[in-house]
Amino acid sequence: MIEVEALTKRYGSTTAVDGLTFTARPGTVTGFLGPNGAGKSTTMRVVVGLERATSGTARVDGRRYADLPAPLHAVGVMLDARSVHPGRTAYKHLLAMAQTHGIGRARVQEVIAQTGLEPAAHRRAGTFSLGMGQRLGIAGALLGDPATLVLDEPVNGLDPDGVLWVRRLVRELAAEGRTVLLSSHLMHELALCADRVVIIGRGRLLADATVQDVVDRSERAGTVRVRTTDPEPLTRELLATGAQVTPQDGGVLQVRGATVDEVGTAARRCGATVLELGTESGSLEEAYLQLTGDAVEYRTADTREGAR
Amino acid sequence: MTTLTSGSRAAARTPRGAPARPGVRFARVLVAEWTKLTSVPSNPWLALGTVVAAAGTAYGLGLFVRPDDGRSGSWVVVSGFVLAQLGFLVLGAVVGTSEHTTGTARTTFTAVPRRLPVLGAQAVVTAVAAGVTAAVALGASYLATTGPRAGDAPALDLAVPGTTRALVGFVVVAVAVSLLGLGLGALLRRPADALVTGVLLVFLLDLTLSGNPGPVTDTVRALLPSAGTRLLEDDAAVAVLDAATRGPELGAWGGAAVLGAWVVVVLGAAAYRLVRHDVR
């Protein structure tokens, strides 16, 4: 369980994280979204105690990370695939990590097998591809068999097999009752494996909801799409009922403010032939772009005000 | 509801691979740091290079020593230190900076978030590695300057006052220089910064100032870490140094104390930065 409360992190005059509050719960995959420089990585680094919060708190299982007696058993962390000495082998890297907690060699071999690193275990990490480095990072996060996982861009650089593997892995980990917080730029990927999403922009919270709730907020969500041979009469008919209609190519109309039933009835009234009719569901990506786009505009106005 | 139940189960269970008494202990961090030091191939090579540099320099300089130079046998054996100390400085600096230059710091300090045990363990493993390397280098230097390879240089004679101290001093000062390198590395976090500062402190500043003797420069020289090499001199050579200086007369152990103070202050500053500042 990760609880972030009113977290603020400033570097000089730059505010990276601004009063952020959210909770990542056990048994749930929480997706962490935001544009580059939104403060995702900074937040994760504060959570695992690498950086000190300017104000506010970040707790894991109710404690400050630095106060955990056995951090590796509580939280598995992968912040950056390049957190390994390039001259050290994958096995020795994991072994040194394990030794800080008295974890045995058998467990090191176990996570190497689990992440498919056996053929490369005794090769220097400097020779690894991005995907291999990513697997090594995940192996390190799993080492202590922790109840909470913090993964920054875990699918970055993985091939399709690897992406599928990570998706299954995080679903399994959550199904076992663990807390998983993961960030990704791949919206489609997050929509598939996250239960909740926390979206931030310019260090501020924009949304903290289930994936479905966020998707429903997108512009396209809840609109009706109808394809017809007679777009003009149908448009007139629909406008008369008070709906908004956006004509598109190929006789397609995007209708807002009317249900599928109402659009169908309207088509019969004006004698238009309906070829296709359905409700649009929107996408996480659209919702995300709308939310973060608003944040940037809001923020620009805010800055101007401050300059006055 | 199922997720909640399994959630509490996940928190309560014993993690796979956990030892009987789980958690971070200093002894465990020490073992981990030893693994880290020995698992980077460049470190053993650096140690070997340091031994070769010490013995090679001692052999080379020994060839030019004549019996009437007033040099003792211990001077010849430890003379390789002038070059070898760079190896010890680099060893410490590499241990101190590689965490930060390679990003290993993210792994290290998430595993040991209290951080100070890591610096403590690094100090211990660096000191042990430097001590062993220095002892081997001393032995190699002795072998390289004895018997048929001695030339006209005087033989090592433990009866000469201060000889034992000079031999022990070789190891002690090597350890101190490596710890100074570690402190500078952990404090400055960049290899170039740490090495340039280290070379200035243990070597170059003293050499530059020696060209212009006077009360001020001699006092400054006495306060630099390079004063520690007095421990490598026999009694007669220390007496000559103290007679020539226009600054404080340190003796052999006074010089060592100055070096020791530098090590403590620099490691203290490194510890402060490590605990108070963010890790990138």
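Taking label points 7 Å from Cα along the Cα-to-Cβ direction, B:His277 and A:Ala240 give a separation of 7.5 nm. With all protein chains in place and a 1.4 Å probe, the accessible surface of chain A carries 49 percent carbon and sulfur.
With the cut-off at 1.5 for a/c, could you classify the stretch A:224-279 from its C-alpha gyration tensor as rounded, prolate or oblate? Because its axes are fairly even, with a/c under 1.5, the stretch A:224-279 counts as rounded. The relative contact order of chain A, computed from alpha carbon pairs under 8 Å that lie at least 6 residues apart in sequence, is 20 percent. Taking the charge dipole of the stretch B:7-110 about its Cα centre, with +1 at Lys and Arg Cβ atoms and -1 at Asp and Glu Cβ atoms, the residue from B:Gly96, B:Pro67, B:Thr14 reaching farthest to the positive side is B:Thr14. Of B:Thr50, B:Thr126, B:Thr197, the residue with the greatest mean-square motion in the GNM of chain B, using alpha carbon springs below 10 Å, is B:Thr197. Seen from B:Gly103, the other residues with C-beta closer than 13 Å to its C-beta sum to a net charge of +3, counting Lys and Arg as +1 and Asp and Glu as -1. Among residues other than B:Arg71 with Cβ under 11 Å from its Cβ, the summed charge is -4 (Lys and Arg +1, Asp and Glu -1). Take the Cα of A:Glu5, go 7 Å toward its beta carbon, and the backbone nitrogen atoms of the stretch A:25-65 under 13 Å from that spot belong to A:56-64. Quick check: pseudo-label points 7 Å beyond the Cα along Cα→Cβ at A:Thr15 and B:Val196, how many nm apart are they? Each label point is offset 7 Å from its Cα along the Cβ direction, giving 3.8 nm.
Considering chain B at the alpha-carbon level, its Rg and Dmax are found to be 22.6, 92 Å.
The residues of the stretch A:177-222 occluded by other protein chains by 10 Å² or more of accessible area, set against the chain on its own, are A:Gly177, A:Arg178; surface from heavy atoms, 1.4 Å probe. In chain B, the calculated helix contribution to ellipticity at 222 nm averages -23000 deg cm²/dmol per residue, counting -39,500 (n - 2.57) for every DSSP H run with n ≥ 4. Would you mind classifying chain A by shape? Square roots of the alpha carbon gyration tensor eigenvalues, ordered a ≥ b ≥ c; an a/c under 1.5 is rounded, otherwise it is prolate if a/b is larger than b/c and oblate if not. Since a/c reaches 1.5 and a/b is larger than b/c, the shape of chain A is classed as prolate.
The contact residues of the stretch A:141-176, meaning those that lose at least 20 Å² of 1.4 Å-probe accessible area when all protein chains sit together rather than their chain alone, are A:Asp145, A:Ala147, A:Glu176.
Output the residues of the stretch B:264-280 meeting this criterion: accessible area (heavy atoms, 1.4 Å probe) in the chain alone minus accessible area with all protein chains in place is 10 Å² or greater. For the stretch B:264-280, once contacts with the other chains are taken into account, B:Val275, B:Arg276, B:Asp278, B:Val279, B:Arg280 lose 10 Å² or more. Placing unit charges on each Cβ (+1 for Lys and Arg, -1 for Asp and Glu) gives chain A a dipole about its Cα centre, and among A:Asn36, A:Thr223, A:Gly251 the Cα reaching farthest toward its positive end belongs to A:Asn36.
Accessible surface calculations at 1.4 Å, restricted to protein heavy atoms, place the protein assembly as shown at 44 Å² per residue. Distance between the C-alpha centres of the stretch A:10-78 and the stretch B:243-280: 37 Å, rounded to the whole angstrom. Across the stretch A:224-279, the mean sequence separation of Cα contacts (distance under 8 Å, 6 or more residues apart), normalised by length, yields a relative contact order of 51 percent. FRET efficiency for the A:Arg52 to B:Phe26 pair, using the beta carbon distance and R₀ = 25 Å, is estimated at 0.60. A simple charge model with +1 on the Cβ of Lys and Arg, -1 on the Cβ of Asp and Glu and nothing else charged puts the dipole of chain B at about 1980 debye relative to its Cα centre. For the stretch A:103-150, what class follows from the C-alpha gyration tensor (a ≥ b ≥ c being the square roots of its eigenvalues): rounded when a/c is under 1.5, otherwise prolate if a/b is larger than b/c, else oblate? Here the stretch A:103-150 falls in the oblate category. For the stretch B:25-276, carbon and sulfur atoms together expose 70% of the accessible surface, with a 1.4 angstrom probe and every protein chain in place. Mean-square fluctuations from a GNM of chain A, with a 10 angstrom spring cutoff on Cα atoms, peak among A:Ala70, A:Ala96, A:Ala240 at A:Ala240.
Largest first, the residues A:His185, A:His85 sort by 1.4 Å accessible area into A:His185, A:His85.
In Å², rounded to the nearest 100, what is the total accessible surface buried by chains B and A against each other with a 1.4 Å probe? Summed over both sides, the interface buries about 3700 Å². State, to one decimal in nm, how far the label point of A:Ser129 lies from the label point of A:Thr273, with both points 7 Å from Cα in the Cβ direction. For the pair A:Ser129/A:Thr273, the computed spacing is 5.2 nm. The relative contact order of the stretch B:74-154 comes to 47 percent, based on Cα pairs under 8 Å that sit 6 or more residues apart. Highest GNM mean-square fluctuation among B:Gly211, B:Gly151, B:Gly49, for chain B modelled with Cα contacts below 10 Å: B:Gly211.
The values are calculated or read from the model by the stated rules, or taken from the named source; none is laboratory data. Not measured: the values here are computed from a predicted model. Note: ideal-geometry Cβ built from the backbone for every residue, glycine included; neighbour counts use all protein chains shown. Just the protein is used for accessible areas: all its heavy atoms, side chains included, with ligands, DNA and RNA removed. Shrake-Rupley method; radii C 1.70, N 1.55, O 1.52, S 1.80 Å.
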